[in-house]
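Presented below is the structure to which this report refers.
Here, each number is a calculation from the coordinates, and none is a lab measurement. Please read all numbers here as calculations on a predicted model, not as lab measurements. Don't worry about glycine lacking a Cβ; one is built from the backbone with ideal geometry, like all the others, and counts go over all protein chains shown.
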Amino acid sequence: MATRVGIEVSIAAAEAVKQANTDVIAAYPITPQTHIVEHLSELVNNGELDAEFVPVESEHSAMSVCSGSSAAGARTFTCTSSQGLALMSEIVYAVSSLRLPMLMILANRSLNSPLSIWNDHSDVMSIRDCGWIQVFVENGQEVYDHVFIGYRVAEDRNVLTPFIINLDGFVLTHVIEPIEMLDQEMVDRYLPPYQPLYRLHPNQPVSIGCFGPPVLFTETKRAQDEAFNSTMPHILKGWQEFGDLTGRYYHPVETYKTEEAKVIVVTQGSLGETASIAIDTLRGEGEPVGLVSIRLWRPFPFEEFREAVKGAELVVVMDRAISYGGPGGPLAGEIRAALYSQEVHPRVVNFIIGLGGRDVAPDDFVQMVQQAKARPGEWYEIYGVRE
Amino acid sequence: MIEIRFHGRGGQGAVTSAELLALAAIKEGKYAQAFPSFGPERRGAPVVAFCRISDEKIKVRSVIYQPDIVLVLDPSILRLVDVGNGLKADGILITNTRFSPEEIKNELGIQTRLATVDATGIARQELGIPITNTTMLGALLSVADLMDKESLIEPLNERFGRLAARNIKAFERAYNETKILE
């Protein structure tokens, strides 16, 4: 059973963290923070959630607390944004290398400067290679669902890898919309208590995070790389079983009207649903256009992406971050890498849009598709600049 | 889909208005979305909030550029902000003002349908404070066929607790006292 309620997306996400029976929440409680942590602190304070809430003095400390908490075998959660993630990033890399499962909701916001509190993807792109499993969600339902999926996958003994849910700041975090909340019994059926393989305990001493001299470091990193590259089937299993329980099935890439499409628009996060309106408009005018939304960012779903764009002549990639001096946005670089091995591959055009909270409307996608079709070659452009 | 833009000043409850409306629509089984104009919150500064209501799932995530309805919570904003910007030709502007729709139409040159209510007066009498969010929802529902009036009562009770009865009274009065100029 599930109950459909109108609720702010951040509050729904916090309720999911509660339903997941989280043991430890460590977070920096002020800017840049969301209502997710604010609501969790209330739930802990009023006794609705039996968890340890650690209001640390910085994000660097937040992730350090999460590191110790997960190592001790506790189900662990944190949440941050933009500059907070930047400060946290040193320990973000450490916990994945230590194979410590935990869940982070990253309310995506831009990195300074100029000072901005608004939405884009520059924060998460700064930790692209951090070794966490990373998904993007398109709406409130998807972030609620992925709290359970994230814990389930991260804590799977075949995975033991931390998990990031990318949730567009403001555009999703501050919206009230209908969300189907699961009954506790359904959550408990899907998400068993965390059974750590190893944990810090005074009675059974182990060392975690030892010195790695040159004779060991490469082997350790190879082991981590192999383990990360074999997470895909377990992620798929987590989605499949969640779908069997709720009827909501998720995939590494989500497709919309891609059948027979000659032009494919590629998005990440909340842009996807807005773009789908433009796809309907263009299809209505007889244009063979489809949409691919990259849900799984790490590990990148190369095979699934190639399959989704098969037969397309033009791929128009929407990035919400810049890679200065790079090949365009970070997503476009990955898309080009995915297509390079193909004998015949589509032309890839890249737009950088929605930076620092710039609004993106359905008609913008129509304009970008028309521009990409009209101008030959492979290029990137920052869209919608006021001249 | 009906798209509504709310204009108020920070602290007056424009965002709360949009939220209560969305919650009521969702309780009726509809789809709805409510969100503020994102940014630092400043008490007293002009603010905007948005609400969409639809029978189908709402996919669009951009702000509302061409509203069906504009709701103005504070009369002093009428001369500061272009509140009618993008309002559809068959849309309606609903504003809090002591003046009649005719006087407002003449002064501001509004081309669309127009409705007025003295929400500040009602709020002062019923709530003792000039916070017009719940009062203006009464004006909105009297003018637009968005939902059953009773559907808003539950969200009002949940949000305002022991102050709910007074807010409901203000809401009901505005529902009955709003004047429309076609």
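Each residue of segment B:123-137 in order: what ³J(HN,Hα) in whole Hz does its phi give by Karplus 6.51 cos²θ - 1.76 cosθ + 1.60, θ = phi - 60°, with x for Gly and Pro?
5, 4, 6, 8, 10, x, 9, x, 9, 10, 4, 6, 4, 5, 5
Within the set of other residues whose C-beta is less than 15 Å from the C-beta of residue A:97, count the net charge using Lys and Arg as +1 and Asp and Glu as -1.
Within the 15 Å Cβ shell, the charges total -1.
Would you please state the base-10 log of I(q)/I(0) at q = 0.18, 0.21 1/Å for segment A:327-387, with intensities from the Debye formula using one equal scatterer on every alpha carbon?
Taken in order of the listed q values, log10 I(q)/I(0) reads -0.72, -0.93.
Express in % the proportion of alpha carbon pairs of segment A:2-246 at distances exceeding 29 Å.
The calculated P(r) of segment A:2-246 puts 24 percent of pairs beyond 29 Å.
Placing unit charges on C-beta atoms (Lys and Arg positive, Asp and Glu negative, everything else neutral), compute the dipole magnitude of chain A about its Cα centre in debye, rounded to 20.
880 debye
What does the average come to when, for each residue of peptide A:166-176, you count the partner chain Cβ atoms lying within 10 Å of its Cβ?
Values: counts 0, 0, 1, 1, 5, 5, 2, 2, 5, 9, 13.
Per-residue shielding by partner chains comes out at 4.
Express in whole angstrom the spacing between the alpha-carbon centres of segment A:123-198 and segment B:36-84.
A separation of 31 Å, based on Cα centres.
When Lys and Arg each count +1 and Asp and Glu each count -1, what net charge do the other residues less than 13 Å away from residue B:13, Cβ to Cβ, add up to?
Result for the local shell: 0.
For residue B:11, list long-range residues whose amide hydrogen, built 1.01 Å from N in the peptide plane, is under 5 Å from its own amide hydrogen.
Residues meeting the amide H criterion: B:44.
Using only the Cα atoms of segment B:1-70, what do you get for the radius of gyration and for Dmax, in Å?
For segment B:1-70, the Cα-based Rg and Dmax read 11.9, 36 Å.
Kindly work out what percent of the DSSP beta bridges joining two residues of segment B:48-182 are antiparallel, to the nearest 5. Could you put the intermediate results ahead of the total?
Details: 3 of 12 bridges.
Of those bridges, close to 25 percent are antiparallel.
Shape of segment B:66-156 from its Cα gyration tensor (a ≥ b ≥ c, root eigenvalues): rounded if a/c is under 1.5, otherwise prolate when a/b > b/c, or oblate?
On the way: a/c = 2.07, a/b = 1.25, b/c = 1.65.
It is oblate, given that a/c is not under 1.5 and a/b is not larger than b/c.
Indicate the gyration tensor shape class of segment A:253-382 (rounded, prolate or oblate), computed on the Cα atoms with a ≥ b ≥ c the square roots of the eigenvalues: a/c under 1.5 is rounded; otherwise a/b larger than b/c is prolate and the rest oblate.
Rounded.
Please turn the phi angles of segment A:21-28 into ³J(HN,Hα) values with the Karplus equation 6.51 cos²θ - 1.76 cosθ + 1.60 (θ = phi - 60°), one per residue in order, whole Hz, x for glycine and proline.
With the stated coefficients, segment A:21-28 comes to 6, 5, 8, 9, 10, 10, 7, 7 Hz.
Read phi for every residue in segment B:42-55 and hand back ³J(HN,Hα) as whole Hz from Karplus 6.51 cos²θ - 1.76 cosθ + 1.60, θ = phi - 60°, with x for Gly and Pro.
10, 4, x, 7, x, 10, 10, 9, 10, 9, 10, 10, 8, 7
Which residue, A:226, A:138, A:273, has the most motion in a Gaussian network model of chain A that connects Cα atoms within less than 10 Å?
Comparing A:226, A:138, A:273 in the GNM, the peak value goes to A:226.
What share of the DSSP beta bridges in the protein assembly as shown is antiparallel, in percent to the nearest 5?
40 percent
Calculate the translational D of segment A:134-292 in whole µm² s⁻¹ from Stokes-Einstein, where the hydrodynamic radius comes from the Kirkwood formula applied to all Cα pairs, the temperature is 37 °C and the viscosity 0.692 mPa s. Spell out each step's value before the answer.
Numbers: Rh = 18.7 Å.
Here the translational diffusion coefficient equals 175 µm²/s.
How big is the shadow of the Cα convex hull of the protein assembly as shown, averaged over all directions, in nm²?
Directional mean of the projected Cα hull area for the protein assembly as shown stands at 28.5 nm².
Please compute the net charge surrounding residue A:31, taking Lys and Arg as +1 and Asp and Glu as -1 over other residues with Cβ under 12 Å from its Cβ.
Here the charged neighbours net out to -2.
Which value in nm describes the separation of the simple spin-label points at residue A:156 and residue A:189, placed 7 Å from the Cα toward the beta carbon?
Output for this residue pair reads 2.0 nm.
By its C-alpha gyration tensor, with a ≥ b ≥ c as the square roots of the eigenvalues, how is segment B:134-173 shaped: rounded for a/c under 1.5, else prolate for a/b larger than b/c, else oblate?
oblate
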